[in-house]
Each structure stands twice: as structure tokens, then as C-alpha cells.
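The values are calculated or read from the model by the stated rules, or taken from the named source; none is laboratory data. This is a predicted model, so every value here is computed, not measured. Here Cβ is always computed from backbone atoms with ideal geometry, including for glycine, and neighbour counts include all displayed protein chains.
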Amino acid sequence: MSWYRHRVERDLARWQTAGWVSEAGASAIRAELATRRSALGVAPIFAMLGAVLFGCAVMSFVAAHWTAMSKLARLALLLACLWGCYGAAFSLFRRQLSAFAQAAVLGGIALYGASIMLIAQMYHMEGNPPDAVLMWALGALLAAVLVPSRPALAASFVPGVAWAVWERALAGVAHWEFLALWAAAAIAAAWLGWRPGLHLAAISLVIWLVPLGFFLLDHHAHWIIAAIGALTAVGAAAAGPAIDRRIAASAALFAYAIVVAFAGLYLLAFVDPLFERATDKSWTPQLVLLSFLTLVLLLAAMLWAVTSNNRGALWLAYGGFALEVFSLYVKTFGTLLNTSLFFFIAALMVSVLAWTAYQLHRRSPPAEITA
Amino acid sequence: MTATAARIILSLAIVGLTETAVLAYMVIDRVRLLSSGREITLPVVPVDPRDLFRREYARLSYEVGTVPVRLLEGPRPRTNAAFYVVLQKTPDGSWQAAKMTRAFPREPSPDRIVLKARTTYAWPGSGSSETAVRLRYGIESYFVPEGEGRKLEALAREKKLATLLAVDGEGNAAIKGLVVDGALQYEEPLF
């Protein structure tokens, strides 16, 4: 039984006892739930995994660099497999087996990527390796838009992010070019009306955005990232209804923005000092300030998450709180005694907030239900 | 055929053709370079084999892969962006780096050849220093049949290994074959 059905069952019993739902209504709801089949059938999942494994098999087969096979034969094998996948996809689409057809498309994309790598190997090419990953991402994106294919779109995010990370590692630059590819993929996700695709887009952007501070200005620009995250969170909270009228995304946007803001502050507090040449303790006041800022951010995020019933943001804020406290405990503010003082002040702060929240909750009348 | 089927077959065909075109371009560009490029032989200084993703390969290092910063003329190249190295033929038939430039240099002399290079090293501030930068010419990996990697490595350790390269007019270089003890051993077939 899915967790959703489980919850509805529990609530139904309560609503029935309260007399809000009739016996007939409850049976009708249960019957409807029972007929609803899980959207995540196991067959398409296995088909997708099979497609990926198939791609790996061909890749290893050619990568063994068979001297028995001429280059032309290896090329022909790769192209035959590539076209075989797209041919199979077509025939499966025609038979209305679209989940399996999508697996075949995914297999084709895997083979395309493998072929780029293997041709580079055959001819001992090196050039600029991230370019190869970019070609792969573009091929996947093309399939995602034309077919259209959600798995292909999901697949395009992986080499897309790898491209940015790799190019950054080699060139040590911010790599703004990533934003163009990212925007194209994000627009494709919105156009396909695919929510998980939008999440993947958000996650890719977070992966690109969080380390950006290392590549901007003086290489210590994490405060910019923290500010971007905090401002986006405030924007998502303030303009929530306006955003949700267009697309129900403000809650997710808020959660991702909190992650970015927290990551920026965390890097500033714990990672950035590692790159300072001077190993003096002069950053301790800075650490105290950053820790308080982080706590304020997380508490505000929790408050808003509870108010707006944003479960994802709430759990992310809890996670951030745990990570922050653990990191502070390991780091210590110079001496253990100072660390203890910091935790004591933070504890007092949070306790006062808890007491205030309780008082407010007790005094405010139960909310009126507006139809 | 229904309109939907026609649309699907058309979109799959476009995807397949585009991807095939990219792969074909990779091969044709390489074959053009290998068959029409100017040939030079560069001695190899070895490092170590094995690439996680691509099975066995030899990691090839060259003496011209380390170039003193003072040979740079003009503005410094951006990190990981392509720039050019001019090689000068030495009396013993080997090659030596003569200068580095960001723009493509015109070197009509038969004793000189231009190679495109990249480096991930940050350029040191002063050009007068003796510091050297490590460069990549795109000819540092040589993939070999499983098990052959160590054999090649051992050969190179005894300073007997060289690569036969093809270099085109834009400074792109490709490995054409391996020269062991002055004799061409592994010659790469075009197809």
C-alpha cells in the first residue's frame, strides 16, 4: 500500500467517525484508490536499467580494443547499435509500448555517449575532454525535445553538469556557458510539463551555483552565493502566491534557495578559512558572526516552512542545523570553553523562540476556515 | 502511417542523423589530419598506464611537454585555452620548443613546426623566471590492446620509444604510430 493510500485510510476512518463522510462515500473513495495503479510500474524501470546496462556492455566490448576488429568494423558496430536503439524505439512507440520505447531512446543516448568516447580512443584523441561531454549532453537534449523524451532530458543533466564541473576544474573559471545549456534544459522540462525534470534542473543549478564563490572576484566570494540564496528564499516566500498562479513552484524554490544560502554560509565559515595562507585565529569573531547568521537563516527557514506547510524545506533546514552544529562542535571557537559559551547562547536563543512560539500559539484562536 | 507515427519516425531520424553526423565528423576530421598532416617524430618520456573509463592506455610524456615560461611571446594564454608552441628541429633530428604565442604564428621554415597546446597551470607572473609550464598537445594518450600497456611502458623507460605524429596547418596533432628503436612498430590504420 502506498503511503498516500495509508494516510487516506487513516483520515477516512476519522472523518467517518466525525460524520463528515458517509459510509457510501468512504467505500467509493476506497474503491477509487484501489483501481489507481502505481505510476511507477516495475517493468519500465527494469527496461531503463536494461538499456543502460546494454550500453555499458557495448562500451566494454569495444573498449577491450579488439585488434581482431578493424576500426571500420568497430565504427559500424557502434552505429548499428545506435540506429538499432532508435529503430526499436520507433517500433515500440507504434505498438503503444511507450515506456519501453523511452528505454530504447535512453539506450540510444547511452550508446551515442559511448561512441564519442570510443572513437576518441580509437584515434587517440584528447583535445579538450569536456567538449566531448558537452556533445553528449546536446545529443541527449535534442532527443528530449524532438521525441519528446523525459528520460532523455533527465540523462542530459548528467553530462551537462559534468561538462561545467570538468571545465571549471581545468580552466578555473566560473563557466557561465553552463547557464545557456541549463536554461535550454530547464525550458525543455517546463515545456514537457515534467515536475521531476524541473527538480533536476534546480539540483543542477545548485551544483553549479554553490562552488561559484571559488571562481568569482577574489576566490572567496561565497557571501555572494549566500546572498543570492537568501534573496531568492525571501522572494519565493514573498511572491509565493504570484509564482504559484503560474506554476506551483514557490515551495520548491524556497527549499532550494535555503540550500544555496546555507551552503554559501557554510563554505564561508568552514571551508574558506582552509585556503587562507595565514593560520592565525583572527577569523574566530567571523566564525561566531557567520554561525549566528546561519542559525538565524535556518530558524527563519523553519518558521516559514511550518507556516507555509513546506515539508521539504523544513527537513532541509533540520539537516542544515544538524550539519552546522556538528561542524561547530568539531571546529571549536578557539577553546572548548568559548565553544560551550556559544552553544549556551544559541540554546537560550532557540529556547526563547520556542517559548514565544508556544505563547503565540496558545493565544491565537483556531483559524477560521474560509471557503 | 498515421501522423503521430510519421512525427515519431521523423524526430528519431533527426536525432539519429545528428548524432551520426557528430560521430562521422570526429572520424573524418581525424582521418584528414592523419592522411594529409606533416609528419614529425617526437621522443617519449613515459609516466604510467590505465584509464578507469577506457581500459588500457599508455600515458605519453614528451620533452617538449615542459616549456620554460620565458619562451612566451606576447600576452599570456588563458588557463586551458588553446595557444601555440613553435618547435625547432635540432641537428640530431629531434625537436625543441622555440617560442609560445597566443595567436597562430606564421612559421614557413621547414625546420620549424607549430603545435596547438593547452595548459591548466596558472601562468607565473614574471616572464623572466626559469619556471616551466607543463603543456598538453592532445597526443599524450595512446590506447593499446589489453596487456600491451606495460610492455610499451617498459620500452619507453629504456628511452627507445617515440611517436610518429601528423600535424596539420592549424597546429592540430595526431598520433600516427609508435616508433620503437627507430623503427615504426605500431602503425595506426586509418580505418
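A few points about this structure:
- In this structure, A:R95 qualifies as basic (K, R), surrounded by fewer than 19 Cβ atoms within 10 Å (Cβ to Cβ) and either in contact (Cβ under 8 Å) with a residue 12 or more places away in the chain or more than 10 Å from every other protein chain (Cβ to nearest Cβ) (or both).
- Residue count, the range A:293-310 (criterion: surrounded by fewer than 20 Cβ atoms within 10 Å (Cβ to Cβ) and either within 20 Å of the chain's Cα centre (by Cα) or outside any helix (DSSP H, G or I) (or both)): 2
- In the range A:115-133, the residue that is modelled with the highest pLDDT out of those that are buried (at least 20 other Cβ atoms within 10 Å of the Cβ) and polar (S, T, N, Q) is A:S115.
- Among residues of the range A:11-25, those that are surrounded by 14 or more Cβ atoms within 10 Å (Cβ to Cβ) and part of a helix (DSSP H, G or I), counted: 3
- Scanning the range A:118-129 turns up no residue that is among the β-branched types (V, I, T) and not in a helix (DSSP H, G or I).
- Residue among B:L34, B:L87, B:L60 that alone is within 11 Å of chain A (Cβ to nearest Cβ) and modelled with pLDDT of 90 or more: B:L34
- Residues of the range A:141-176 that turn out to be within 18 Å of B:R78 (Cβ to Cβ), part of a helix (DSSP H, G or I) and in contact (Cβ under 8 Å) with a residue 12 or more places away in the chain, as a count: 6
- Which listed residue, of A:L49, A:L33, A:L53, A:L40, is modelled with pLDDT under 75 and more than 14 Å from every other protein chain (Cβ to nearest Cβ): A:L40
- Pairs where the first residue, in the range B:16-32, is surrounded by 17 or more Cβ atoms within 10 Å (Cβ to Cβ) and the second is not hydroxyl-bearing (S, T, Y) and not in a helix (DSSP H, G or I), C-beta under 8 Å, 6+ apart: B:M26/A:M125; B:R30/A:M125; B:R30/B:A174
- Flag for A:L138 being part of a helix (DSSP H, G or I), among the aliphatic types (A, V, I, L, M) and within 10 Å of chain B (Cβ to nearest Cβ): yes
- Long-range neighbours under 8 Å by Cβ, at least six apart or interchain, first residue free of Cβ contacts under 8 Å to residues at least 60 places away in the same chain within the range A:215-232, second acidic (D, E) and in a helix (DSSP H, G or I): A:H220/A:D272; A:H222/A:D272
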